[in-house]
Structures are given as structure tokens and as C-alpha cells.
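Remarks on the structure that follows.
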Amino acid sequence: MDDAREKELLDLIKRLHCLMEDYAELLRLEQIDNKLLKEKIVELRNKKQNHYLSTEQKRKFLSVAKKVCANCRTIENLQIDHIIPKIKGGTDEISNLQFLCYKCHKAKHKKREAEEEIKKAGEV
Ligand SMILES: [Zn+2]
């Protein structure tokens, strides 16, 4: 084998080595991304589950709460509401729960959504 040919081969091997390193790096990055993605999914799933009261907590609340809407005092179509929403750090404690009728509950959520929209618009 002459010198030129040998040099060519060595260059080729070097380039292949670089490519393999790049490939290994890509594989590593992809694994990290998958891990982050999985963590995010678990986090979101937990958040969703947290939105609902445990059966025991619900029973506890139902046994002590006055069955009227905290807002309009109707006794129809009552729903359990988190006074401070869980997404804002509210708890499942009885002190953070109240009855709202369907209409007031819906209005509260709409109001909160509207407030968040305004906040979002302000941030831009
Ligand atoms: Zn009401």
C-alpha cells in the first residue's frame, strides 16, 4: 500500500469515528428527551387525578356542609367546588370546599378563564 492510499484510509476512518460519535450523542439526547417526556406525562396525569376529591374527603364534606349554593343560595344542582382552585395551590381540606350550584360553578370557571386570558394577554 502506498503512502497516499494509507493516508486516505486513515482520513476515512477518522471521519467514520466522528460520525459514530455524533450518532452516539444523538442517541443519548433522544433518550434524555424521552425521559423528560415521560416525566411530563406522569406529572400531567397526577394533576388531572388531583382535580378530583377522594371518596373519603367527599363523604366528609357532604356530612358537614350546608346543602345550599354558597353564591345564590339555591339548593338545586349543587356541585362541590374548590374555593381556591387546586391548580392555584388550593387543598382538599373541608375549609377549601363549598357547594356551588351548576350555574354559579360554571360562571366561576368562566370568570377564572377570562381572568387568565386577560393575564395572558397582558404578559405578551
Ligand atoms: Zn348558585
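Full extension of the chain segment joining I87 with R73 gains 2.4 nm, where the gain is 0.36 nm per residue of separation less the Cα-Cα distance.
Near Q79, the amide H atoms lying under 5 Å from its own belong to L100, C101, Y102; only residues 5 or more places off or on other chains count, and H is placed 1.01 Å from N.
If each residue of separation counts as 0.36 nm, what is the full-extension length gain between Y52 and D33 once their alpha-carbon separation is subtracted? Kindly include the intermediate steps, with their values, before the conclusion.
Details: separation 19, 0.36 × 19 = 6.84 nm, distance 2.99 nm.
Between Y52 and D33, full extension yields an extra 3.9 nm.
A cut-off of 5 Å between modelled amide H atoms, ignoring neighbours fewer than 5 places along the same chain, links T74 with C69. Just to check I understand the Karplus step: with θ = phi - 60° and J = 6.51 cos²θ - 1.76 cosθ + 1.60, what whole-Hz values come out for the range 76-84, glycine and proline as x? Values per residue, Gly and Pro as x: 9, 6, 7, 10, 7, 10, 7, 4, 9 Hz.
Between the alpha-carbon centres of the range 5-32 and the range 106-123 there is a gap of 52 Å. Helical content of the chain, expressed as a calculated mean residue ellipticity at 222 nm, amounts to -23000 deg cm²/dmol (DSSP H runs of 4 or more residues, -39,500 (n - 2.57) each, divided by residue number, nearest 500).
Each value in this text was obtained by applying a stated rule to the coordinates, not by laboratory testing. Bear in mind the structure is a predicted one, so any value in this text is a computation, not a measurement.
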